Amino acid sequence: MKGFIKIIIVIAVLGGAWFAWEQWKGNEPLQVDYQTEPLTRGDMMITIDATGVTEPDELVDVGAQVSGIIMEFGKDLNGKVVDYSSQVKAGQMLAEIDKLPVQLDVQKAEASKAQAQAGIARARADIQQAKAKHHQAKLDRERAEKLGPGDALSKSSYDQYIADEETARANVAVAEASLLEAEASLKQAEAALKKEMRNMEYTTISSPVDGVVIKRLVNIGQTVVSSMSASSLFYIATDLSKLKIWAAVNEADIGSIKKGQDVIFTVDAHSGRKFKGTVDKIRLDATMTSNVVTYIVDIDVPNPDKLLIPYLTANVQFIVQDIKNSLLASNAALRFRPDPELLTAEQKAAFEEMLPELAAPVQKGEEKKAVIWELRDNVLYPHLVTKGESNGMLTPVKGETLREGMEIVSTAQVLNRSSNSGDGPSASAGGENPFAPKMPPRRKPSTGNTSQAPGGSKGGPPPRP
């Protein structure tokens, strides 16, 4: 019995010691790890990112109108054979196609023209002959009509003279129609000859514009076949001091793209350098790939020093807003919400006064409200701000109580908690109401360098810088 009583006494002493330890821990000041950053002033751009390709401002497709074998290439402005990147002028020979087949067609057309001219001469002679016969038949008819049918002229002879005159008159009309037909044949032969002469000119491929040969598609000895459409031989860019970018923009962003909008872009060929451009137009023929709709936006790009060349991949940023000299807060600081136990009663009341404005619906054209928390002398102070558009990391903010350089909190974590208050982070980067009821968290041991929460003893560690 005495041993049992001793055991009970030992258990009671241990329980009392444990209770006293827990009570002492419950009164221990909270140690908080604050992550802060200064509220800075600077410039920021809101942009829409896209990828595009540099293209010549005007690209001319030089083709072949006639079929044949490429016999030779012309010379560029430097006296070299026309090739990639050759500088050429309008009217300068680029290539020549075998002329012999076209020359034969020209000769055939010339023979057809001569034949048509001979046909005209023959038709004119036939007219003269027909008119002479008609004149003789007319005289014979007149004599027959004077005699009339009778003893001197039989009825059948009389009728024959009448018929011969009418036939001769009809033959004159036929001969005149033959002349018209011969003249039409001559015009047809002349048109065919002009066509073949033009085809002869087409055997010499000339540059239609001043520019640079971007691509050569044929070689000497290659046969060019032109059927329903002209065969492409060269691509010539007219002026490389002006380029375009064709950028693919997602349908979710196309509403923010406007004609005349400023654009900045980079290319891998000149890393570290930014180039500028201006939106020219939005092509309305959208394309869909894997259920994603994109629009092609044409961007005008000045290229006076000709550093940029066609068909470079461009990383494009469309400037939606260019914000100058504004206070900038990180998105993490705007999302930060402290645990109520980190606040004094005064700061809790100040925050609760801001809640109606935070919960009020935002009208069209109005800026959204938010709260950032300043850490001053180890005490959190709320500041009501209006925020603009974010670039994903920073957001411009405005507020009467804001000061450049003030320390604002992005995260905070309580490193020691009693079993009554639980454990885990004491501040949240989310947007939930810090004064809403919460499930009691579990206890977490104390670690690391800390700052003391408001209401603690004076002997606690100094605030975190």
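The values are calculated or read from the model by the stated rules, or taken from the named source; none is laboratory data. It should be emphasised that the depicted structure is a prediction, and the values quoted were computed from it without experimental measurement. Here the Cβ positions follow ideal geometry from the backbone for every residue, glycine too, while neighbour counts run over all protein chains shown. Protein only, heavy atoms only, side chains kept; ligands, DNA and RNA dropped before computing areas. Shrake-Rupley method; radii C 1.70, N 1.55, O 1.52, S 1.80 Å.
The listed residues His135, His383 rank as His135, His383 when sorted by accessible area, largest first, using a 1.4 Å probe. Its Kirkwood hydrodynamic radius, worked out from the mean inverse distance over all distinct Cα pairs, puts the stretch 54-127 at 16.4 Å.
Taking a cut-off of 21 Å between Cα atoms, list the lysines near Lys276, but don't count ones fewer than 8 places away on the same chain. Qualifying lysines at Cα under 21 Å: Lys242, Lys244, Lys258, Lys259, Lys306, Lys324. Taking a straight line from the alpha carbon of Lys187, these lysines sit under 19 Å away, with near neighbours fewer than eight places off in the same chain left out: Lys108, Lys113, Lys195.
Given R₀ = 51 Å, what would the calculated FRET efficiency be for Trp246 paired with Lys187, taking r from the Cβ atoms and rounding to 0.05?
Numbers: r = 49 Å, r/R0 = 0.96.
So the FRET efficiency works out to roughly 0.55.
Once C-alpha pairs closer than 8 Å and six or more residues apart are averaged by separation and normalised to the residue number of the stretch 259-408, the relative contact order reads 18 percent.
Distance between the 7 Å Cα→Cβ label points at Asp49 and Ser271: 1.7 nm.
Extents of the stretch 208-339, largest first, come to 83, 39, 25 Å (Cα atoms, principal axes, whole angstrom).
Could you work out how much longer the chain between Asp83 and Lys324 gets when fully extended? Use 0.36 nm per residue separation minus the Cα distance between them, nm to one decimal. Don't jump to the answer; show the numbers that get you there.
Working: separation 241, 0.36 × 241 = 86.76 nm, distance 4.93 nm.
Here the segment from Asp83 to Lys324 would lengthen by 81.8 nm.
Expected output is a single nm value to one decimal: the length gained when fully extending between Arg376 and Leu153, i.e. 0.36 nm times separation in residues minus the C-alpha distance. What is it?
Using 0.36 nm per residue and subtracting the Cα-Cα distance, I get 65.6 nm.
Placing dummy labels 7 Å off each Cα toward the beta-carbon, the span from Asp300 to Leu104 is 5.3 nm. Placing dummy labels 7 Å off each Cα toward the beta-carbon, the span from Ala170 to Ile7 is 15.2 nm. Ranking Glu96, Glu367, Glu404 by solvent-accessible area of protein heavy atoms (1.4 Å probe, all protein chains present), from largest to smallest, gives Glu404, Glu367, Glu96.
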